[in-house]
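Q: The structure under discussion is supplied below as structure tokens; questions concerning it will follow.
The values are calculated or read from the model by the stated rules, or taken from the named source; none is laboratory data. Since this is a predicted model, take the numbers as computed values, not measurements. FYI the Cβ positions are ideal-geometry reconstructions off the backbone, even for glycines, and counts take in every protein chain you see.
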Amino acid sequence: MYNLLKGKRGIIFGALNSNSIAWKVAERAHQEGATFTLTNTALALRLGELNALSESTNSKIIEADVTVMEDLHNLFTQTQEILGGKIDFILHSVGMSPNIRKNRPYMEMDYNFYQKTLDISALSLHKVLHTAYKLDALNDEASVIALTYIAAQRTFPDYTDMAEAKAMLESIVRSSGFHLGNHKKVRVNSISQSPTATTAGNGVSGFDAFIDYAEQMSPLGNASADECADYCVVMFSDLTKKVTMQNLFHDGGFSNTGVSKTVMNKFGEL
């Protein structure tokens with residue numbers, strides 16, 4: 001361990017169970033000396049798994065719905081009281097599509113579900129940062145990371161409305177990074193992670209096959225949840241003070257690979 005986050009305070013959104021990237025980030029941030037609060041919805045908290053992470057990282061859990069401004073106001077207020085000061089880092093690891101959960105194909109989406117997808121998976125980032133801005137809850141040079149996916153730039157058949165949500169999320173990252181950077185040198189970035197076997201990822205049809213495909217397409221192979229946590233810790237640290245408004249691909253090279261020899265050979269075997 002390098003004490004990269006010693007003395008830093010944060011909020012980690014979206015940890016659900018030990019497969020969650022947010023869970024891994026919490027563990028690594030704790031190892032690197034950070035203190036933070038954990039937050040998720042009432043439904044997620046009722047599952048009880050987050051209690052184990054709370055105990056192992058000595059972190060308080062605060063219930064909050066990222067779409068409800070009152071909940072976010074309470075979250076930032078309580079976090080500052082618990083941690084004894086303003087916030088140095090935020091992880092936004094939030095995404096959910098009712099259309100995907102209901103197996104509705106892209107051309108048959110329910111638009112009420114669609115709006116919920118955008119609100120939960122994208123607009124929530126703006127609500128989080130708006131709340132932090134209004135409460136002056138962020139320290140100078142704080143770091144915000146939102147987790148995204150390459151479906152914001154490329155089309156994948158079963159990712160449906162989450163693709164638009166991720167595109168919106170990345171746009172909010174750029175706009176927020178500009179305004180918060182001018183305000184208090186706060187940096188805002190997104191990390192576009194390899195397909196990862198989380199609870200959310202497993203909800204997408206054909207996900208297991210796609211993980212295998214991405215593994216064979218990527219020169220370095222898929223990035224794991226643990227490796228993503230390492231990257232997040234670096235982005236939260238003072239080593240990346242001038243990185244902002246970026247969508248950072250953490251995918252073993254998948255995003256810049258046209259086709260791999262392995263995949264071509266498989267076509268030759270058909």
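Q: How many residues are free of Cβ contacts under 8 Å to residues at least 40 places away in the same chain and either on the phi > 0 side of the Ramachandran plot or not β-branched (Val, Ile, Thr) (or both) when one looks only at region 65-105?
A: Residues that pass the stated criteria total 7.
Q: Which residues, taken from region 1-33, are crowded, with 24+ Cβ neighbours inside 10 Å, among the aliphatic types (A, V, I, L, M) and either modelled with pLDDT under 95 or in a helix (DSSP H, G or I) (or both)?
A: Ile21, Ala22, Val25, Ala26, Ala29, listed by residue number.
Q: Which condition from (1) surrounded by 19 or more Cβ atoms within 10 Å (Cβ to Cβ); (2) free of Cβ contacts under 8 Å to residues at least 60 places away in the same chain; (3) farther than 22 Å from Gly14 by Cβ is the one that Phe254 breaks?
A: Among (1) surrounded by 19 or more Cβ atoms within 10 Å (Cβ to Cβ); (2) free of Cβ contacts under 8 Å to residues at least 60 places away in the same chain; (3) farther than 22 Å from Gly14 by Cβ, the lone unmet condition for Phe254 is (2).
Q: Next question, about the same structure. Taking region 34-48 on its own, how many of its residues are loosely packed, with under 15 Cβ neighbours inside 10 Å and either part of a strand (DSSP E or B) or not basic (Lys, Arg) (or both)?
A: 4
Q: Only one residue in Thr148, Thr131 is closer than 16 Å to Phe13 by Cβ, over 17 Å from the mean Cα position of the chain (by Cα) and among the hydroxyl-bearing types (Ser, Thr, Tyr), so which one is that?
A: The match here is Thr131.
Q: Could I ask something else about it? Identify the single condition in (1) surrounded by 20 or more Cβ atoms within 10 Å (Cβ to Cβ); (2) within 14 Å of the chain's Cα centre (by Cα) that Leu72 does not satisfy, given that it satisfies every other one.
A: (2)
Q: Same structure again: Can you pull out the residues in region 231-245 that are touching a helix residue (DSSP H, G or I) at 6+ places or on another chain (Cβ under 8 Å) and either without any contact (Cβ under 8 Å) to a residue 12 or more places away in the chain or not hydrophobic (A, V, I, L, M, F, W, C) (or both)?
A: Those that are touching a helix residue (DSSP H, G or I) at 6+ places or on another chain (Cβ under 8 Å) and either without any contact (Cβ under 8 Å) to a residue 12 or more places away in the chain or not hydrophobic (A, V, I, L, M, F, W, C) (or both): Thr240, Thr244.
Q: Another question, if that's okay. Quickly run through region 228-270 and pick out the residues that are of a type outside the set (Ser, Thr, Tyr), more than 22 Å from Ala142 (Cα to Cα) and part of a helix (DSSP H, G or I).
A: Within region 228-270, Phe254, Asn256, Lys261, Val263, Met264, Asn265, Lys266, Phe267, Gly268, Glu269 qualify.
Q: Can you confirm whether region 151-158 contains a residue that is closer than 23 Å to Gly84 by Cβ, out of contact with any Cys (no Cβ under 8 Å at 6 or more places or on another chain) and among the hydrophobic types (A, V, I, L, M, F, W, C)?
A: Checking region 151-158: not a single residue is closer than 23 Å to Gly84 by Cβ, out of contact with any Cys (no Cβ under 8 Å at 6 or more places or on another chain) and among the hydrophobic types (A, V, I, L, M, F, W, C).
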